[in-house]
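Chemist: I'd like to ask some things about the structure below.
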Amino acid sequence: EYFMKMIKKLIIAMSLWIFCHTLYLFIDGLNDEGKKADVAIVLGTKMNNDGTLSARLQARLDQSIVLYRQQRVKKIIVSGIGHGPNLQQAKRMHEYLLSQDIPATDIYADDKGYDTERNVKYSLAIMKENNLHSAISVSQYFHQTRAKMLFRKAGFDNISSSSPRYFEWQDIIAVPREFVAFYVEWLWTW
């Protein structure tokens, strides 16, 4: 009986922890403080099988364009896979921004960032190389807490976020995945 009570308490505590963290993901990810920065960093995500931008990826790029046109950022970094099954993600992202009249001189592309940890690493290298000191992470709301945590773990604190108001059924899977990924990377990254 004592063992069963302890198991129930543990389940309640875990459920409460997951609920609170998930609530924080929503609040943190959907909160745009309206800050200005040197650069928007668009984190990559899956593309369509035919090599076109997925609706999710296009929403991220469109959000960076909004930031650029509102003069909240001066430059945009696109960070994604450069080869393989995602069909040159960074290149397609770059092409899309050009097609939306963003000048080539204001776009940097990282084609080595095939996961969030590497997106952060290579984006920070681009920023250092180009004397950029502040950034706005552009990704889905559920991804922002982990992305900003990784920037801070890399020693970069001048990071805020802005997320597109794009939601899809896949979020039901992505939100719990982000819960696990946050703690895995919090414990073992760098």
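Chemist: Whole-Hz Karplus ³J(HN,Hα) for the range 139-145, in order, using 6.51 cos²θ - 1.76 cosθ + 1.60 and θ = phi - 60°, x for Gly and Pro?
Modeler: Once θ is set to phi - 60°, the couplings for the range 139-145 become 7, 5, 3, 6, 8, 5, 4 Hz.
Chemist: Of the accessible area of the range 107-190, with the probe set at 1.4 angstrom, what percent is carbon plus sulfur?
Modeler: Heavy-atom surface of the range 107-190 belonging to carbon and sulfur, 1.4 Å probe: 56 percent.
Chemist: Could you pull the Cα extents of the chain along its three principal axes, largest to smallest, in whole Å?
Modeler: Principal-axis extents of the chain (Cα, largest first): 68, 36, 29 Å.
Chemist: Work out how much length His21 to Thr52 would gain on full extension: take 0.36 nm times their residue separation and subtract the Cα-Cα distance, in nm to one decimal.
Modeler: 7.8 nm
Chemist: Let me ask you something else. Under 5 Å between amide H atoms, partner at least 5 residues away or on a different chain: which partners does Ile81 have, H built in plane at 1.01 Å?
Modeler: Gln89, Ala90
Chemist: If you take the beta carbon distance between Asp32 and Glu129 as r and set R0 to 30 Å, what does 1/(1 + (r/R0)^6) give as a FRET efficiency, to the nearest 0.05?
Modeler: Efficiency at R0 = 30 Å is approximately 0.65.
Chemist: Which of the trypsin sites (Lys or Arg not before Pro) found in the range 140-190 are in a DSSP loop and have at most 16 neighbouring Cβ atoms, other than their own, within 10 Å?
Modeler: Sites meeting the loop and neighbour criteria: Arg165.
Chemist: Further question on the same structure: Eight or more residues apart or on different chains, and alpha-carbon atoms under 21 Å: count the Lys pairs in the range 51-190 matching that.
Modeler: Taking the range 51-190 as the scope, the lysine pair count is 19.
Chemist: Work out how much length Glu95 to Tyr183 would gain on full extension: take 0.36 nm times their residue separation and subtract the Cα-Cα distance, in nm to one decimal.
Modeler: Length difference between fully extended and current span is 28.2 nm.
Chemist: Just to verify a number: what accessible area does Lys5 come out at with the full protein assembly present, 1.4 Å probe, Å² rounded to tens?
Modeler: 110
Chemist: Tell me, how many Å apart are the Cα centres for the range 155-177 and for the range 109-148?
Modeler: The range 155-177 and the range 109-148 have Cα centres separated by 13 Å.
Chemist: Taking the solvent-accessible surface of protein heavy atoms with a 1.4 Å probe, what is the per residue accessible area of the chain in Å²?
Modeler: Value for the chain: 56 Å² per residue.
Chemist: I'd like to compare 32-40, 48-56: which one has the highest average count of other Cβ atoms within 10 Å, and what's the full order after that?
Modeler: Final packing ranking: 32-40, 48-56.
Chemist: For Ser137, which sequence-distant residues (separation of 5 or more, or a different chain) have an amide H within less than 5 Å of its own amide H, given hydrogens modelled in the peptide plane?
Modeler: Ile41, Ser160, Ser161, Ser162
Chemist: What list of ³J(HN,Hα) values in whole Hz, one per residue of the range 53-70 in order, does the Karplus curve 6.51 cos²θ - 1.76 cosθ + 1.60 (θ = phi - 60°) give from phi, with Gly and Pro shown as x?
Modeler: 5, 6, 4, 5, 5, 5, 4, 5, 4, 4, 5, 5, 5, 4, 4, 5, 5, 7
Chemist: Could you tell me the accessible area of Glu185 in Å² (1.4 Å probe, neighbours in place), rounded to the nearest ten?
Modeler: Ignoring ligands and nucleic acids, Glu185 comes out at about 30 Å².
Chemist: Note down the relative contact order for the range 96-160 as a percent, whole number, built from C-alpha pairs under 8 angstrom at least six residues apart.
Modeler: 25
The values are calculated or read from the model by the stated rules, or taken from the named source; none is laboratory data. Predicted model, so just to flag it, every value in this text is computed and none were measured. Methodologically, a virtual Cβ is constructed for each residue, glycine included, from the backbone with ideal geometry; neighbour enumeration extends over all protein chains shown. These area figures cover heavy atoms from the full protein model, side chains too; ligands, DNA and RNA do not enter into them. Shrake-Rupley method; radii C 1.70, N 1.55, O 1.52, S 1.80 Å.
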